[in-house]
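A.B. asks: First, the structure itself, so that you have it in front of you.
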Amino acid sequence: MMQPIAECTVNAVPDRGLIEVYDADAYMADAAAMKASRQQVVAGNGYHLYLHSLQSEIAVEVHVRIWASEEKVPDHAEGSTSVSIESETGILVIGQLTFGPAGEMELPEAGVYEGVAWWTGRQPVAEYRDSILSQIGDDWSVDQITRKWKECPASESYFLDLMFSRASEVDEL
């Protein structure tokens, strides 16, 4: 079995249901791409990708993998979509909207990466979260709630399987 050229796995809390993956110099959020992710699960604008979870409390796994050739989406994936992201710095940041960066990945080289995003576990984690929310009473402490989030029996994962496509185009002024 072929191994990725580079990979990074990060746990991140989907603040407001979103995790973002972006080039280290791409600071501006994109409301249209955020909105599109609510329909498509993963959407982007070229410099940002937004991953949409059905919940906001339980950490999800984000896997970014760089391959030498196109990877096939596994049969157990719940869904997938084609993606593209440009990283002029060669560093991708995995961000939590309010909580800030959860991690970053140094790419083999700066440029445009294309591939596929796929995911697993969205519905089971959301159902677990909803069941816990229905049980929480006034006597529950923050520690008890936090412990329940960590005890989730399912895991929610997002995979970005990418390959280098081309170098970034240089802007000439």
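A.B. asks: Which whole-number value in Å² is the accessible area per residue of the range 34-114, probe 1.4 Å?
C.D. replies: In whole numbers, the range 34-114 has 47 Å² accessible per residue.
A.B. asks: What nm value, rounded to one decimal, do you get for the distance between TRP140 and ALA110 when each label is placed 7 Å out toward the C-beta?
C.D. replies: Between TRP140 and ALA110, the label points sit 4.7 nm apart.
A.B. asks: Of all accessible surface on the range 1-124 at a 1.4 Å probe, what whole percent is carbon and sulfur?
C.D. replies: C and S fraction of accessible area: 49 percent.
A.B. asks: What number comes out for the charge environment of GLU156, summing +1 per Lys or Arg and -1 per Asp or Glu over other residues with Cβ under 13 Å away?
C.D. replies: Numbers: positive: ARG122, ARG129; negative: GLU57, GLU61, GLU78, GLU127.
Local net charge: -2.
A.B. asks: Another question about this same structure. Treating the beta-carbon of each Lys and Arg as +1 and of each Asp and Glu as -1, no other charges, what is the dipole magnitude of the chain about its Cα centre, to the nearest 20 debye?
C.D. replies: That gives a dipole near 580 debye.
A.B. asks: Quick one: compute the contact order of the range 51-141, relative version, from alpha carbon pairs under 8 angstrom and 6+ residues apart, as a percent. Don't skip to the end; give the middle numbers.
C.D. replies: On the way: 90 pairs, mean separation 31.2, N = 91.
Across the range 51-141, relative contact order equals 34 percent.
A.B. asks: Ignoring solvent entirely, what values of log10 I(q)/I(0) come out of the Debye formula for the range 16-70 at 0.13, 0.20, 0.24 Å⁻¹ when each Cα is a single scatterer?
C.D. replies: Relative scattering, expressed as log10 I(q)/I(0), comes to -0.35, -0.77, -1.00.
A.B. asks: When DSSP assigns beta bridges and you keep just the ones with both residues in the chain, what percent turn out antiparallel, to the nearest 5?
C.D. replies: Details: 44 of 51 bridges.
Here the share of antiparallel DSSP bridges comes out near 85 percent.
A.B. asks: Given +1 on the Cβ of Lys and Arg, -1 on the Cβ of Asp and Glu, and no further charges, what dipole in debye does the range 12-109 carry about its Cα centre, rounded to the nearest 20?
C.D. replies: Charge dipole of the range 12-109: 400 debye, to the nearest 20.
A.B. asks: For Rg/Rh (Cα atoms, Kirkwood Rh), pick the label among [x] 1.01; [y] 1.29; [z] 0.95 that corresponds to the value derived from the coordinates.
C.D. replies: [x]
A.B. asks: For the range 129-173, which whole percent of the accessible surface, found with a 1.4 angstrom probe, sits on carbon and sulfur atoms?
C.D. replies: Answer for the range 129-173: carbon and sulfur cover 48 percent of the accessible area.
The values are calculated or read from the model by the stated rules, or taken from the named source; none is laboratory data. All values reported here derive from a predicted model rather than from experimental measurement. Methodologically, a virtual Cβ is constructed for each residue, glycine included, from the backbone with ideal geometry; neighbour enumeration extends over all protein chains shown. Calculation scope for accessible area: heavy atoms of the full protein, side chains included, ligands and nucleic acids excluded. Shrake-Rupley method; radii C 1.70, N 1.55, O 1.52, S 1.80 Å.
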